[in-house]
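Only one structure is covered here, and it is reproduced in the block below.
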2 protein chains.
Amino acid sequence: MPAPILSKEEVLDLLLNTFRDRGYEGSSLAELSTATGLGKSSLYHYFPSGKAEMAEQVLAHMDRQLTTNLYEPLRLAQTPAKKLELMLDALDAFYEGGRKACLLERLCASVDRTRFRRPLRQAFTTWMDAVEAICLEAGLSSAVARERAEDFVVRIEGALIVCAGTDDYSVFARTIRDLRSSVLAR
Amino acid sequence: MPAPILSKEEVLDLLLNTFRDRGYEGSSLAELSTATGLGKSSLYHYFPSGKAEMAEQVLAHMDRQLTTNLYEPLRLAQTPAKKLELMLDALDAFYEGGRKACLLERLCASVDRTRFRRPLRQAFTTWMDAVEAICLEAGLSSAVARERAEDFVVRIEGALIVCAGTDDYSVFARTIRDLRSSVLAR
DNA sequence: GTCTATAATAGGATAGAC
DNA sequence: GTCTATCCTATTATAGAC
């Protein structure tokens, strides 16, 4: 009676959710199993090398998601201002107004962080590069564009921490609002 | 033959170090034992309720440290500008230029986070209140002072994440530099 | 207060049937 | 591809001697 079950992408979505919520060490195989509805053996069928491979594939999955759902649509937007709007709306939705954690942060904090080094760096770089490109297109200097891009990611990540720590999600909302008006300012 | 060994404060310092480095779930009793040079039984002598109590006491310990080494000396500084300098220097040293993680962030990310809720919120609030006080003393309006204080903590926490994720510590240095000149600006 | 020894459980991972 | 059963190790925690 069990047959189609879930696609690989759906499994990765559920794993992503669990890792974001409980962190890498905090997500046991038992929990990952419950979260996906798959037995441990099924998980090992998809991810022969176990939990570390799950996290790696989840990271790659999120990267693909961002590319198709954020970075690509961004290129179609008309103006730099529109692009910025689009990115901030997407981030606000993805982090649910500061209520959901960032996978990148969770993996940076894991003991196995060295294992995820390269993809983590890549994910941060891609993100900052996208913001930088918007700034450049808006006519900001190369140096300023880079600083604004770094600061953009810094503030999103920081706001997520402060919200989680204080249980006050207005900080995330205000950060998004501030970024909306300050990133492209001259 | 073993006798004085370590003071409670020294033990807490070593535990703080381990929790910052490996996170809450990532710090096993075996590691906490090696880090302190104390056997497990000795740790349970100091912390009868185990790891969660260690983290709680480490948090309280850090709070005391910050009070005596940062918040109190801050009150003696002459001008708001001097106070800001003092705090940024202390943070730069405490986080070793972005190379060492924040205990607050690590505990926010832990699965047991609800257990640390109150002290975490308290620690963040105390920190932001200190920055807010400096801003107010410098003549900024109440609303702006609060925003600047929240943004201050957001950017420090965010910079630590981005540095860990990209292995590029210049972001922390630049964040500190930016804060130095922007926090009290009118 | 510290140690050695040990219990009890949870965690990651595999075998083999279906 | 999924399940049940199982293995091994790590982890938390305690007991009892010194």
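The values are calculated or read from the model by the stated rules, or taken from the named source; none is laboratory data. A quick note: this is a predicted structure, and the numbers were derived from the prediction, not measured. Cβ coordinates were reconstructed from backbone atoms using ideal geometry, including for glycine residues, and neighbour counts include every protein chain displayed.
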Worksheet, complete the sentence: Exactly one of B:55, B:35, B:90 is among the small types (Gly, Ala, Ser), more than 28 Å from residue B:181 (Cβ to Cβ), more than 16 Å from DNA strand C (Cβ to nearest atom) and at pLDDT 95 or above, and that residue is B:55
Discussion item. Tell me whether region A:95-112 contains one or more residues that are among the acidic types (Asp, Glu), under 24 Å from residue B:114 (Cβ atoms), in contact (Cβ under 8 Å) with a residue 40 or more places away in the chain and within 16 Å of DNA strand C (Cβ to nearest atom).
Written reply: no
Item to complete: Take residue B:51 and decide whether it is more than 9 Å from DNA strand D (Cβ to nearest atom), within 14 Å of chain A (Cβ to nearest Cβ) and basic (Lys, Arg).
Response: no
Worksheet, complete the sentence: The number of residues in region B:160-183 that are more than 8 Å from every other protein chain (Cβ to nearest Cβ), surrounded by 15 or more Cβ atoms within 10 Å (Cβ to Cβ) and out of contact with any helix residue (DSSP H, G or I) (no Cβ under 7 Å at 6 or more places or on another chain) is 1
Worksheet item: Quick one: is residue A:120 closer than 30 Å to residue B:31 by Cα, touching a Phe, Trp or Tyr at 6+ places or on another chain (Cβ under 9 Å), within 12 Å of chain B (Cβ to nearest Cβ) and not polar (S, T, N, Q)?
Response: no
Worksheet item: Looking at region A:100-117, which of the residues that are more than 10 Å from chain B (Cβ to nearest Cβ) and within 13 Å of the chain's Cα centre (by Cα) is surrounded by the most Cβ atoms within 10 Å (Cβ to Cβ)?
Response: A:103
Practice prompt. Scan region A:130-148 and give yes if some residue there is touching a residue at least 12 places away in the same chain (Cβ under 8 Å), at the interface with another protein chain (Cβ under 8 Å from one of its Cβ atoms) and buried (at least 23 other Cβ atoms within 10 Å of the Cβ), otherwise no.
Written response: no
Worksheet item: Got at least one residue in region B:133-142 being assigned to a helix (DSSP H, G or I), under 15 Å from residue B:91 (Cα atoms) and either at pLDDT 95 or above or not acidic (Asp, Glu) (or both)?
Response: no
